[in-house]
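The values are calculated or read from the model by the stated rules, or taken from the named source; none is laboratory data. Computed from a predicted model, the values in this text were never measured in an experiment. Virtual Cβ from ideal backbone geometry, glycine too; neighbours counted across all protein chains shown. Just so you know, the surface numbers come from the protein's heavy atoms only, side chains and all, with ligands and any DNA or RNA stripped out. Shrake-Rupley method; radii C 1.70, N 1.55, O 1.52, S 1.80 Å.
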Amino acid sequence: MLISKELILTHVDGDSKMAILEFMSEVALKAGKIKDKEAYLTAVLKREEEYSTAVGFAVAIPHGKTDAVVEPFFMYGKVKDIDWKALDGNPVDHVFLIGVPEAEAGNTHLQILAKLSRKLMKKDFRQALYETQDADEVLELLKANELA
């Protein structure tokens with residue numbers, strides 16, 4: 001399973017992109033999805049240097065492809081007005097963090113990104129995401145939209 005309840009964070013404290021990525025990576029480490037937090041963060045930040053993963057609609061989809069990832073996963077974090085250097089200039093309120101082992105980088109990584117992107121283009125999905133109150137509601141929304 002790519003996402004589980006333990007990977008859904010409905011209130012992530014942090015006042016910067018780095019603080020959010022540090023916190024979410026720690027959760028991924030504790031959940032056994034990554035085995036080396038620093039190596040994973042390095043991969044995620046390298047990707048961020050190429051161009052911002054803020055995709056508009058107050059959403060960022062940072063991702064890392066590295067052998068520090070044990071198995072493919074994605075996680076969700078609800079944040080508050082984080083400057084992610086989005087092309088549209090707006091702050092981020094939703095973060096979908098993806099991790100994929102280097103060996104599975106091509107297919108798995110692109111499949112997760114494509115599925116998420118298609119759903120995030122839909123206003124109804126984004127609105128439902130904003131209205132979720134807890135991890136159970138987020139997980140149900142993701143399941144109903146074939147993301148979990």
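Taking residues in the stretch 102-123 that are touching a residue at least 40 places away in the same chain (Cβ under 8 Å), and partners anywhere that are in a helix (DSSP H, G or I) and surrounded by 12 or more Cβ atoms within 10 Å (Cβ to Cβ), the pairs with Cβ atoms closer than 9 Å and at least 6 places apart or on different chains are L120/R126; L120/L129.
Whether a residue is at pLDDT 95 or above and under 14 Å from L7 (Cβ atoms) was assessed, and A128 does not pass this test. Within the stretch 57-71, being of a type outside the set (D, E, K, R) and either in contact with a Gly (Cβ under 7 Å, 6 or more places away or on another chain) or within 17 Å of R47 (Cα to Cα) (or both) holds for V59, A60, I61, P62, H63, G64, T66, A68, V69, V70. Checking each residue in the stretch 124-139 for being touching a residue at least 24 places away in the same chain (Cβ under 8 Å) and among the small types (G, A, S) picks out only A135. Checking each residue in the stretch 8-18 for being over 14 Å from the mean Cα position of the chain (by Cα) and open to solvent by 80 Å² or more (accessible area, probe 1.4 Å) picks out D13, D15. Scanning the stretch 94-117 for residues that are at pLDDT 90 or above and either among the hydrophobic types (A, V, I, L, M, F, W, C) or farther than 11 Å from V55 by Cβ (or both) turns up V95, F96, L97, I98, G99, V100, P101.
Name the one entry in G64, G99, G77, G32 that is out of contact with any strand residue (DSSP E or B) (no Cβ under 7 Å at 6 or more places or on another chain) and either free of Cβ contacts under 8 Å to residues at least 24 places away in the same chain or among the small types (G, A, S) (or both).
On the way: G64 fails: out of contact with any strand residue (DSSP E or B) (no Cβ under 7 Å at 6 or more places or on another chain); G99 fails: out of contact with any strand residue (DSSP E or B) (no Cβ under 7 Å at 6 or more places or on another chain); G77 fails: out of contact with any strand residue (DSSP E or B) (no Cβ under 7 Å at 6 or more places or on another chain).
That would be G32, the only listed residue that is out of contact with any strand residue (DSSP E or B) (no Cβ under 7 Å at 6 or more places or on another chain) and either free of Cβ contacts under 8 Å to residues at least 24 places away in the same chain or among the small types (G, A, S) (or both).
Does L21 satisfy the criteria of being open to solvent by less than 10 Å² (accessible area, probe 1.4 Å) and either free of Cβ contacts under 8 Å to residues at least 60 places away in the same chain or more than 21 Å from L139 (Cβ to Cβ) (or both)? When the stated conditions are applied, L21 passes them.
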